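Scroll down for the structure; my scribbles are underneath it.
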Amino acid sequence: MAQGGIVMANVVGVKKNLLLVKMLKHKEVRDLPREFLFYLREQMKHEKFVKIAVDHPRFGNIDHTYVLNSQVPPYPSPAFTQFLKVGNNVRNGTTAPSSCHIAITNRCPYDCWHCSNGNRAESDDLDIDLLKRSIAKLQDMGNSLIGITGGEPLVRDDLEEIISAIDERSVVMLFTTGYGLTPERVQKLKEAGLFYAVVSVDHFRPEEHDKLRGYEGSHKIAIDAIKMFREAGLYTVASSVPPIPMIDAGEMFEFVDYLKDLGVHEIRFLAPIPTGKIVGQRDLRWKRDQAKVMAEVHERYNADKEYPRVTVFGYIESESFLGCCAGTFHMFIENDGTVTPCDMIPLNFGNIESCGVEKAYNRMAGVFRNPRYDCFLRAAVTLVGKAYEEEGTLPLSREKSMEIADRVKNTRMSECFQQLKMPYTWTEQEIKGGKASYGDSGGCMGSLKDEEPAGTGGGCMGAIADDDEDVGDSGGCMGSLKDEE
């Protein structure tokens, strides 16, 4: 099917499996464990690829490419090769910032109810020369995806120059409300190297979207932005934090139909995360019934080639799949230069201006060490909320950040990294509450796993019960985890 300036076909069924086999013949991953290959084929049962024709400066002579989801570089591409190189080193216990999001400004005219960038002190926009140096170092460290966010990144007049500093080893993603966008600007962004354009849309009713985003006319701005990106031939994504009343009212399927009719190539759904403007508010997270609805959305539409690719983060970041890669394979750079594990985890591990991005990342990776089976903030939500009450701003101080990181242990890895045979480096003493000796190797508890079906077991704040794990509630580390008592 043709959508704007980009020809698209959704790849499902037998064609999807054949494509997966072709991708796994890549020289970078030929030696992956056999068990992992069988596991991956099973996990891909509820996923789909999007085949798109490309006319883009970053792809050279390649006339079409495939996208699994917008968190992974398209295949084939130099960025995908870089992604595989990092993945191939997992069995050695090596991590690298494959994915990095950068807040290039705190400026934004909107007042979104759930803004993850909320409760930050005022700061000048990140210096462009510092950004360029940090981006170059990130790519040398193995980065394959850089997401540009804010604030609203479109308010920076030098956005195109920033994107141009990112070479072909990384795919470039832009998170935007669409504020101030014009067709001429879209073309300049594409020429600079932008490929994934992610536009926030939280409701099919304009008045509800405007209320959630705190800006009159924001719905029309978002819809117009989607059309402009799509017509320019960019991979266009609608990203949504669907209101809980919408889920409970059974309106998610109507919402997906609405987004499909806009011609987007992918739909991303995220749960409300108690950080930023809603820091510490754990009751806003999806309950299990709501997470099951979202799992159904993920599975139903990825099996239907007539619908866009759907990515429910609570599904792909569940224990049975990727888990939480914050602080290991994903990182975030705040607008003031602070390095944190994730856009949603306001823990401070250094600043790119004072110590450089590599030192800050290595310090953080030495603390997190392995991808976690479930969202770190799910366990730390109360601790982070209390720390914010004490300090009054985000991100938190280095001292408070280390205190929280020391209390929230990683009891096991997600299934994906277990199957990849990544060494597990948390000792039983650390997990039981002893002080973490960061960097030590030790016993493996990676075989412990819940018996929940795929898609319902957590992910990024995605499936919780009233007695859910929260270190700050129980007073002791992991004290409320019933399956480990």
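Numbers at a glance
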item	result
Those residues of segment 318-338 which are out of contact with any strand residue (DSSP E or B) (no Cβ under 6 Å at 6 or more places or on another chain) and not polar (S, T, N, Q), in sequence order	319, 321, 322, 325, 327, 329, 336
Segment 402-437, subset open to solvent by 50 Å² or more (accessible area, probe 1.4 Å) and in contact with a Phe, Trp or Tyr (Cβ under 9 Å, 6 or more places away or on another chain), residue modelled with the highest pLDDT	402
Residue list for segment 253-280, restricted to those being under 23 Å from residue 11 (Cα atoms) and of a type in the set (A, V, I, L, M, F, W, C)	253, 255, 256, 259, 262, 264, 267, 269
Top-ranked residue of segment 361-376 - restricted to ones that are basic (Lys, Arg) and touching a strand residue (DSSP E or B) at 6+ places or on another chain (Cβ under 9 Å), ranked as surrounded by the fewest Cβ atoms within 10 Å (Cβ to Cβ)	363
Residue within segment 85-100 that is modelled with pLDDT under 90, within 27 Å of residue 334 (Cα to Cα) and open to solvent by less than 40 Å² (accessible area, probe 1.4 Å) present	yes
Cross-chain or 6+ apart pairs with Cβ under 8 Å, segment 362-390 first and over 16 Å from residue 411 (Cβ atoms), then of a type in the set (A, V, I, L, M, F, W, C) and part of a helix (DSSP H, G or I)	382/471; 383/404; 383/471; 384/377; 384/404; 387/404
Residue 399 vs. criteria open to solvent by 10 Å² or more (accessible area, probe 1.4 Å), in a helix (DSSP H, G or I) and either touching a strand residue (DSSP E or B) at 6+ places or on another chain (Cβ under 8 Å) or within 27 Å of residue 284 (Cβ to Cβ) (or both)	no
Where residue 53 falls short, out of the listed (1) out of contact with any Pro (no Cβ under 9 Å at 6 or more places or on another chain); (2) at pLDDT 90 or above; (3) not aromatic (Phe, Trp, Tyr)	(2)
Condition met for residue 162 (assigned to a loop (DSSP other than H, G, I, E, B), open to solvent by less than 10 Å² (accessible area, probe 1.4 Å) and not basic (Lys, Arg))	no
Segment 288-345, residues that are part of a loop (DSSP other than H, G, I, E, B), open to solvent by 30 Å² or more (accessible area, probe 1.4 Å), more than 24 Å from residue 94 (Cα to Cα) and of a type outside the set (Ser, Thr, Tyr)	303, 304, 305, 306, 336
Failed criterion for residue 57 (all others in (1) over 24 Å from residue 268 (Cα atoms); (2) in contact (Cβ under 8 Å) with a residue 60 or more places away in the chain; (3) part of a helix (DSSP H, G or I); (4) open to solvent by 40 Å² or more (accessible area, probe 1.4 Å) hold)	(3)
Scope segment 112-148; condition open to solvent by 20 Å² or more (accessible area, probe 1.4 Å) and closer than 19 Å to residue 194 by Cβ; matching residues	125, 128, 132, 136
Residue within segment 176-191 that is in contact (Cβ under 8 Å) with a residue 12 or more places away in the chain, touching a strand residue (DSSP E or B) at 6+ places or on another chain (Cβ under 6 Å) and open to solvent by 10 Å² or more (accessible area, probe 1.4 Å) present	yes
Selection count where residues are among the small types (Gly, Ala, Ser) and either more than 20 Å from residue 253 (Cβ to Cβ) or modelled with pLDDT of 95 or more (or both), scope segment 306-320	2
Residue check, residue 202 modelled with pLDDT of 95 or more, open to solvent by 20 Å² or more (accessible area, probe 1.4 Å) and not in a helix (DSSP H, G or I)	no
Checklist (1) hydroxyl-bearing (Ser, Thr, Tyr); (2) buried (at least 20 other Cβ atoms within 10 Å of the Cβ); (3) under 25 Å from residue 423 (Cα atoms) applied to residue 39, failing item	(2)
Any hit, segment 291-304, residues being closer than 26 Å to residue 143 by Cα and touching a residue at least 40 places away in the same chain (Cβ under 8 Å)	no
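The values are calculated or read from the model by the stated rules, or taken from the named source; none is laboratory data. Model, not experiment: these values are computed from the prediction. Positions of Cβ are backbone-derived with ideal geometry, glycine not excepted, and every protein chain shown enters the neighbour counts. In case anyone asks, the SASA skips ligands and DNA or RNA and just uses the protein heavy atoms, side chains included. Shrake-Rupley method; radii C 1.70, N 1.55, O 1.52, S 1.80 Å.
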